Structure formats: structure tokens, C-alpha cells
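Participant: Please find one structure pasted underneath; my questions will follow.
The values are calculated or read from the model by the stated rules, or taken from the named source; none is laboratory data. For clarity, every value in this text was computed on a predicted model and none was experimentally measured. A quick note on method: Cβ atoms are made from the backbone with ideal geometry, for glycine too, and the neighbour counts reach across all protein chains shown. For accessibility, only protein heavy atoms count, side chains too; no ligands or nucleic acids. Shrake-Rupley method; radii C 1.70, N 1.55, O 1.52, S 1.80 Å.
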Amino acid sequence: TEKPIPNGLQSAWFLRQTARVLGYGDVPITACHEWMGRRDLYLGLGPQAEWYVRDALHARAYGFQTIAIGTVHDAGNGYYHSLWGDGGLCKRYPTMDPKPAYAAIATLTRVLDSAKFERPVATSSLSLYAMEFRREDRWIYAIWIPRGRREIKVHFAGAAEIDERDLC
């Protein structure tokens with residue numbers, strides 16, 4: 001599980017609930033590029049990419065106006081050793097090689113471009129998560145587990161076509 005921290009995703013929920021309690025209703029929320037510190041030094045390059053995609057999916061569900069995932073590249077100075085210094089989508093100068101997070105966010109952007117979050121989808125598992133998005137007459141489902149890999153079966157009420165280019 002993920003503990004609540006001041007700049008974490010849970011802050012969005014806390015801020016929205018505070019606004020509701022104070023009578024402001026549903027106040028739009030968003031984030032700056034430092035809202036998540038997903039350091040590849042601690043996570044590894046693959047898990048960093050997976051967490052960034054998860055963060056972006058949650059931000060879409062919350063209706064963030066801006067979803068800033070990391071920075072374009074890691075910091076090339078002493079800031080590199082801060083909470084956000086190696087959270088970029090590319091490595092630091094002079095190579096600036098793309099990390100797996102770069103490809104993951106590019107794929108997420110391609111698949112969900114202009115899609116609207118519709119709802120979380122109930123699953124039969126406490127460790128399987130699913131979200132439903134819609135773009136015109138096309139439904140898009142993001143499905144993930146917090147850790148590892150797992151085979152799943154998805155059942156639809158009617159006929160469904162799967163675009164295999166979008167399977168990740």
C-alpha cells in the first residue's frame with residue numbers, strides 16, 4: 001500500500017474532501033511536475049514506468065487539468081539527489097537516453113488521447129483494478145495489478161473488438 005504524503009496522490013482526495021466540507025463543492029484539482037517523486041534509483045526503471053502510468057490513470061480519474069509526470073529529463077546537478085532529481089522520462093545530460101517511463105507515458109497518451117474517464121470498473125479481486133474510458137463510440141479499459149503479472153479474463157455483454165496494438 002501507499003502511505004499518504006503531502007505531495008502524493010491521496011492529497012487530491014484530501015483537498016477535494018476539505019473543499020466539500022467547507023462548502024465549496026467539487027473544486028477542480030491539478031498537480032505540478034513535482035507532485036510525485038518516483039525515483040528510479042529506489043524503484044528501478046521498469047517499476048518507475050509502471051507507477052507513472054498508474055499515477056496518470058488516477059489523475060485522469062480525478063479530473064486533473066494538468067498531469068505532469070516527472071520531468072523531461074533527470075536533473076544534471078546537485079538536485080539529482082533530491083526527491084525528484086532522477087524522476088525524469090529521460091536520463092540526465094549528456095546522454096539523455098529515454099527511460100522505459102518515456103515509452104510507457106507515450107503509449108498511455110496514444111491510447112487515451114481525447115478519451116473521457118467514465119468510471120472505475122468493479123472486479124472480482126481486491127488486487128485487480130480497472131478503469132473505463134470513452135472516446136466517441138469506442139470504449140477503452142485500463143486494467144492493472146499493483147505488483148507482478150497475472151492472467152485475467154474480461155467478459156463483455158455484447159460483441160467486442162480488441163485492438164491488439166493497445167495491449168500493453
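Participant: Cβ neighbours within 10 Å, averaged per peptide: list 53-59, 126-132, 149-155 in order, most packed at the top.
Facilitator: Result, highest mean first: 53-59, 126-132, 149-155.
Participant: Separate question: Run the count for the chain, please: Lys pairs, Cα-Cα under 29 angstrom, 8 or more apart or on different chains.
Facilitator: 6
Participant: Classify the chain from the C-alpha gyration tensor, please: rounded if a/c falls under 1.5, else prolate or oblate depending on whether a/b exceeds b/c.
Facilitator: Since a/c reaches 1.5 but b/c is at least a/b, the shape of the chain is classed as oblate.
Participant: Sticking with this structure for a sec: Report in % the part of the accessible area of the stretch 33-160 that belongs to carbon and sulfur, leaving out ligands and nucleic acids; probe 1.4 Å.
Facilitator: 55 percent
Participant: Using all Cα-Cα distances in the stretch 82-168, what percent lands in each 10 angstrom bin from 0 up to the longest?
Facilitator: With 10 Å bins starting at 0, P(r) equals 13, 37, 31, 15, 4, 0.
Participant: Does the stretch 10-74 classify as rounded, prolate or oblate by the C-alpha gyration tensor (a ≥ b ≥ c root eigenvalues; a/c under 1.5 gives rounded; else a/b over b/c gives prolate, otherwise oblate)?
Facilitator: prolate
Participant: Considering only DSSP beta bridges where both residues belong to the stretch 41-168, give the percentage that are antiparallel (nearest 5).
Facilitator: 90 percent
Participant: OK, next. Solvent-accessible area per residue for the stretch 20-168 at a 1.4 Å probe radius, Å²?
Facilitator: 68 Å²
Participant: Now for a different question. List the residues whose amide H sits under 5 Å from the amide H of Cys90, counting only those 5 or more places along or on another chain, with H placed 1.01 Å from N in the peptide plane.
Facilitator: Residues meeting the amide H criterion: His73, Asp74, Lys99.
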